[in-house]
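**Student:** I have a structure I would like to understand better, so I am pasting it below and will then ask my questions one at a time.
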C-alpha cells in the first residue's frame, strides 16, 4: 500500500531527502514510511528530514517507527531529523519519553542547518 508521502531532495547538491508525512502516522502508514525511508538510505550515508507538520494523529506504531528509523539508520551513518512536530504530537512524544531519543528540530531551516554544519 502506498501512502501519500512526498519525498523531495533539498540542499545545494540534493544531499538531503525531505519526507513530508500526511495527516496520520499510524499502523497503516508507519510501515510504509519505514520501507520508503530505508530504500532512500539504501545502505549509503545520507541525510533525511522527516517533516511532521501535517500530522494530526500518531499511534504507538508510528512512534515506534520514528524511533526505529533513528536507531537503525544511525548504525548505517544516515542522519535522521524530525522537524515541525505539532504541539499536540510533541506533547505525546514527550509523555512517552521519546523526545530524548529522537533528534527533533523546531523548523525545516534548523534541520537543514544542522545537517549541513
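**Student:** For the chain, set up a GNM with springs between Cα atoms under 10 Å and report which of 17, 39, 60 has the largest fluctuation.
**Tutor:** 39
**Student:** Another one. Please check: in the Gaussian network model of the chain (C-alpha springs, under 10 Å), which one of 83, 100, 29 has the largest mean-square fluctuation.
**Tutor:** 100
**Student:** Mind giving me the nanometre distance, one decimal, between the label points for residue 103 and residue 6, set 7 Å out from Cα along Cα→Cβ?
**Tutor:** Rounded to a tenth, the inter-label distance reads 2.4 nm.
**Student:** Add -39500 (n - 2.57) for each DSSP H run of 4 or more in the chain, then divide by its residues: what number comes out at 222 nm, to the nearest 500 deg cm²/dmol?
**Tutor:** -12500 deg cm²/dmol
**Student:** Given a 10 angstrom Cα cut-off, can you work out which residue in 26, 75, 54 is the most mobile in a GNM of the chain?
**Tutor:** 75
**Student:** Length gain on complete extension for the stretch residue 36 to residue 23, per 0.36 nm per residue less the alpha carbon to alpha carbon distance?
**Tutor:** 3.0 nm
**Student:** Still on this structure, I have one more. Only Cα pairs under 8 Å and at least 6 apart count here; give the relative contact order of the chain as a rounded whole percent.
**Tutor:** On the way: 190 pairs, mean separation 28.4, N = 117.
About 24 percent, as a whole number.
**Student:** Here's another thing I want to ask about it. Kindly state, to the nearest 0.05, the FRET efficiency for residue 117 paired with residue 75, given R0 = 25 Å and r defined as their beta-carbon distance.
**Tutor:** 0.70
**Student:** Segment 27-44 to segment 79-117: how many Å between their Cα centroids?
**Tutor:** 18
Taken together, the values in this text are just the output of simple stated rules run on the coordinates, not laboratory data. In this text the structure is predicted, and so the values were computed from the model without any measurement. Cβ atoms come from the backbone with ideal geometry, glycine included; neighbour counts cover every protein chain shown.
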